[in-house]
Amino acid sequence: MSYSHWMLIALLALAAATIRIVGLLAGSAIRRSRYAPILDDLPGAIIVSLVAASLADQPGPGWLAAAIALATAWFTRNVIATMVVGVASFAALTNLPV
Amino acid sequence: MKQGAIAFLPLALGVALYGFAFGILAAHVGFPFWGVAMMSASIHAGSSQIVAVEQFAGGAALLGAALAGALLNLRYIGIVASLTEILRQSPLPVRLLAIHVTGDENWALTMSENARDPKIGAAFLIGSGLVSIVTWICSTALGALVGSALPDLERFGLGFAFTAAFIAMARGMFRGRRDVLPWLGSFALTALLVIAGMAKAYAIVFGATIGVVLSALQRTLRT
């Protein structure tokens, strides 16, 4: 494991512990403040941006596989099913003999 | 505590499958199984770990990868805050243990059981949380062991597994019509910035920010 691998674990662990402790000490006050909705809005906005960033430089088959994954996620609401169907679609679409 | 541990067992299966899949991806980015186990034990937050590892794999700067993972974890401020009442009578070391072993699934289970029977509290939370974290550590490490033994998975589109996982997470977070406009804004801006040549880590920050701003604007216009 390289220095970067170690540092990623250390930084994430520090952040996770800090966030949980802030929640324990000041969570109620934050939830009553006018900034509370940002905590609810942020995760969705980040995830959607992550999807966009990973698709932006993909050719057409990647977008098609993403659409198939989205349909799977929409109806199953299941992470594993979406990953399996998404990867299988991506592999099939990008390896098509065209 | 035992009651919480037993009640969590059916949910542990879902945690194990997700953990196994994450472990395979993490091995692909160069984490050994013991490194993955250490990461899972010290962080215990699936979506945060998967986002950070994906950013790391994509060549994002270390700080950017950690920041992306940490931001996604901010919801735990609210999750832990909601436990205030349940943990009120526990001593500090027990509280600290409880908030570390709390994950999305055992939190939801504890809250719903507590609503049904107010006697269900800290012990149930910790019992279910311990099963959750042990399952998470073991399944992610096992996934990494299997992942490191498998040959060149990129050829079979493994990298796309991250994208698919994010799509599934987005589905779980979708709260209805009020998310449509902010999410379209986030998606479009991020994609345009990446196409224009901006580093992905920065594009994601701008994209997520516009989503939060659009959500706030919508709320202001409604009231």
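The values are calculated or read from the model by the stated rules, or taken from the named source; none is laboratory data. Note that the structure is predicted; figures quoted are calculated from it, not measured. FYI the Cβ positions are ideal-geometry reconstructions off the backbone, even for glycines, and counts take in every protein chain you see.
Could we say that A:P59 is surrounded by fewer than 17 Cβ atoms within 10 Å (Cβ to Cβ), at negative phi and more than 8 Å from every other protein chain (Cβ to nearest Cβ) here?
Details: surrounded by fewer than 17 Cβ atoms within 10 Å (Cβ to Cβ): yes; at negative phi: yes; more than 8 Å from every other protein chain (Cβ to nearest Cβ): yes.
In short, yes.
Do we find that B:F187 is surrounded by 16 or more Cβ atoms within 10 Å (Cβ to Cβ) and either outside the structural domain of B:F20 (by TED's automatic domain parsing) or at pLDDT 95 or above (or both) in this structure?
Values: surrounded by 16 or more Cβ atoms within 10 Å (Cβ to Cβ): yes; either outside the structural domain of B:F20 (by TED's automatic domain parsing) or at pLDDT 95 or above (or both): yes.
Here the answer is yes, as B:F187 does meet what is asked.
How many of the residues in the stretch A:1-30 are facing another protein chain (nearest Cβ under 7 Å) and more than 22 Å from B:A144 (Cβ to Cβ)?
Here the count works out to 8.
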